[in-house]
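Read the structure below first, then the notes.
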Amino acid sequence: MEVRINDHPADITIDNEKTVGEVMAGLEQWLSGSGHRLSGLSIDGKPVDLSSLEDVFSKEITSVKNINIITSSLAQLTAESLINLLEDIKEYERLGFEEKKEFINTWKEKPQSLFISDQMPDLNNFFFNLFSGGNIEANTVFSITEERLREVKNPLEEFVNLQSLVEQTCRLLEDLPLDVQTGKDAKAAQTIQIFSGIAEKILRILKQLDIQGFLNLEADIEKQITQMISAFGNLVKELLDAYERYDTVLLGDLAEYEAAVRLKELFDLIMNNSRRTEATGN
């Protein structure tokens, strides 16, 4: 049996696999590690649809001449899903009241819904809230989705554009203990929210920079970035805890000497190890 990927012969050896499903299971693991996902399949020149997938996977490989695996990059699939999600919002907004109540039943079975449920659970929650008649407005979810699309289509540009926001966030963090002491609770809470949001955005873009080949990381730099990322979750929790306990001393130390410093260090480390010249053509 011949295995082809995107119509090109693949150097893949069939060892102990007996069925098409067993072959596909091994290929799926390989694709996942390469930043690609399965987007289509044909057996002996005939496309396979979802309804016949179970029957095809049970086929003995001795009865199959060739398998052609159609793949798409994860970035491409993400962008396509986000574009379709934007169209879903437009469609939802055109519906009448009764039609809107039924929309989520069909939407949750769509490919883009299944995709973000697996890959972007936080965004999926926004859509479920909107299409279930929750308290999030359509224009808010639309803006969030557009932002995610920019992060996927132009991750390097989106990351570079964060520089002024990172610097502004660091200044807000340095002012945080004074804001608490002087009763500016709303500003203090907003600062923590902004820090959390910018950190999450950096991590999302970092993932795209990695899978799209925009990073050039030595092993020690990669380890350093991994350690920084793992520390951010605890740092946000510690900030919130200190703020809720009105511990201005600890809050000041965490904000100025931990959060602000680490945020700037992570941003600079990624910036200095990105393939800016190659990616932008400058």
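The values are calculated or read from the model by the stated rules, or taken from the named source; none is laboratory data. Note that the structure is predicted; figures quoted are calculated from it, not measured. Don't worry about glycine lacking a Cβ; one is built from the backbone with ideal geometry, like all the others, and counts go over all protein chains shown.
Structure above, values below:
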| read-out | value |
| --- | --- |
| Residue that is of a type in the set (D, E, K, R) and not assigned by TED's automatic domain parsing to the domain that holds K101, where the choices are D122, D185, D118 | D185 |
| Matching option when the condition is farther than 14 Å from Y246 by Cα, modelled with pLDDT under 95 and crowded, with 20+ Cβ neighbours inside 10 Å, among T191, T169 | T191 |
| Matching option when the condition is in a helix (DSSP H, G or I), within 25 Å of L114 (Cα to Cα) and either assigned by TED's automatic domain parsing to the domain that holds R148 or touching a residue at least 24 places away in the same chain (Cβ under 8 Å) (or both), among I89, I69 | I89 |
| Selection status of D55, over 30 Å from G213 (Cα atoms) and outside any helix (DSSP H, G or I) | no |
| Members of the range 15-26 found to be modelled with pLDDT under 80 and surrounded by 13 or more Cβ atoms within 10 Å (Cβ to Cβ), listed by number | G26 |
| Qualifying residues in the range 234-270 (those that are exposed (fewer than 13 other Cβ atoms within 10 Å of the Cβ) and within 24 Å of the chain's Cα centre (by Cα)) - the one modelled with the highest pLDDT | D268 |
| Candidate set from the range 130-159 (those that are within 16 Å of the chain's Cα centre (by Cα) and among the aliphatic types (A, V, I, L, M)); member that is nearest to R94 (Cα to Cα) | V141 |
